[in-house]
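Quick note: the coordinates plus some simple rules give every number you see, no bench work behind them. Quick caveat: nothing in here was measured; it's all calculated off a predicted structure. For neighbour counting, all protein chains shown are included, and Cβ atoms are generated from backbone atoms with ideal geometry for every residue, glycine included.
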Amino acid sequence: MKIALTGGTGFVGRALTEELIKNGHEIFILTRNTSTRKNTDNITYISWLNEGDHPEETLEGIEVIINLAGESINSGRWTESRKKSILKSRISATKEVLRILEKLEQKPSVLINASAIGYYGTSQTKTFTEDSSDKGTDFLAQTVQRWEAEALKAKEMGIRTVCCRFGIILNGEDGALPRIALPYKLFAGGTVGSGEQWVSWIHLKDVVNGIIFAIQNEQMNGPINFTAPTPVKMKEFGQILGKVMHRPHWIPAPGFALKAVLGEMSVLVLEGQNVHPAKLTLNGYPFLFRHLQEALEDIY
């Protein structure tokens, strides 16, 4: 298949591209900077989001478009200007994807759009599935809600649209895990905050395979929770991580200290959601990593 991909240079995008190429697909990566990218037999880099760009001229005939573009939420304190930038990067990229889709004479069969479980807001007591009516009111929740609403406009063009609500994606090189693991490497790991907050996690390999599964299964549409079937509380997460890394779990990181350092961004580690992947499970997705310990052992 011919597959267009935004955000292809991020850690999910890189892993997904590698797997799609293994499966024999032809990939078109939309990027702001093509000057440092070299086309190959399987990958064509296309300039987008720059003045004068018309990526649709190269994308006629694509069968799938995957939108992973958006500024990282983990790379700095959430100042007001940063929050505006995080939101704008997602909305503007998705609007451009929609513009491209409108221009294509032959529409792709499916749009896979990134999203996040932050949509639901945080809770220590509730369990969230795709059928939950809960909507959070914090910055992250509102950002995700607006992002999904924009992406779902593709349905008006007759395009099946999937919003991948990612949990905490586990990978040894990028994302949240290296930051969580660093104190353990230094023999200073311990419970973060109260330890009672839920961690709805998923291995990067299951993110990649889950996206491919959603592409291949036409009955899958709308929001899909990309989390493992067995979320854990933060205290258990730390204990298992310490065990796998052969490090002690003993020095706590109090919530007030993290709030002082991270500000509003501390919600990412101090609060959580118990999210279950109902749609992936009901449709028979075969998780590679259902339990945290086996996921962490694969990574470390």
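If contacts are Cα pairs under 8 angstrom and at least 6 residues apart, what is the relative contact order of the chain in percent?
So the answer I get is 18 percent.
So, in Å, what gap is there between the alpha-carbon centers of the range 128-169 and the range 1-77?
Between the Cα centres of the range 128-169 and the range 1-77 lies a distance of 21 Å.
Show me, for the range 132-149, the HN-Hα J-couplings you get by feeding each phi into the Karplus relation (A = 6.51, B = -1.76, C = 1.60, θ = phi - 60°), rounded to Hz, glycine and proline as x.
In residue order, the calculated couplings are 5, 8, 5, 10, x, 10, 6, 4, 5, 4, 5, 4, 5, 4, 5, 5, 5, 4 Hz.
Assigning unit charges at the beta carbon (Lys, Arg +1; Asp, Glu -1) and nothing else, what dipole magnitude in debye, to the nearest 20, does the range 9-142 show about its Cα centre?
Result for the range 9-142 is approximately 680 debye, rounded to the nearest 20.
From the Cα gyration tensor of the range 1-88, with a ≥ b ≥ c the square roots of its eigenvalues, which class applies: rounded if a/c is under 1.5, or else prolate if a/b is larger than b/c, or else oblate?
Prolate.
Projected onto the charge dipole of the chain (+1 at Lys/Arg Cβ, -1 at Asp/Glu Cβ, origin at the Cα centre), which of Ala176, Thr79, Phe256 gives the Cα projection farthest towards the positive end?
About the Cα centre, the residue reaching furthest to the positive side is Phe256.
With charges set only on the Cβ (+1 for Lys and Arg, -1 for Asp and Glu), what does the dipole of the chain come to about its Cα centre, in debye to the nearest 20?
Roughly 760 debye for the chain.
Using helices alone, I'd like the mean residue ellipticity at 222 nm for the chain: each DSSP H run of four-plus residues gives -39500 (n - 2.57), total over residue count, nearest 500.
Numbers: 11 runs with 112 residues, N = 300.
My calculation for the chain gives -11000 deg cm²/dmol from helical runs alone.
Where the eigenvalues come from the Cα gyration tensor of the range 39-175, what are the semi-axes √(5λ) of the equivalent ellipsoid, largest first, in whole Å?
Sorted largest first and rounded, they come to 28, 18, 15 Å.
Report the Cα-based extents of the range 2-299 along its three principal axes, largest first, to the nearest Å.
Principal extents (Cα only, largest first): 59, 41, 40 Å.
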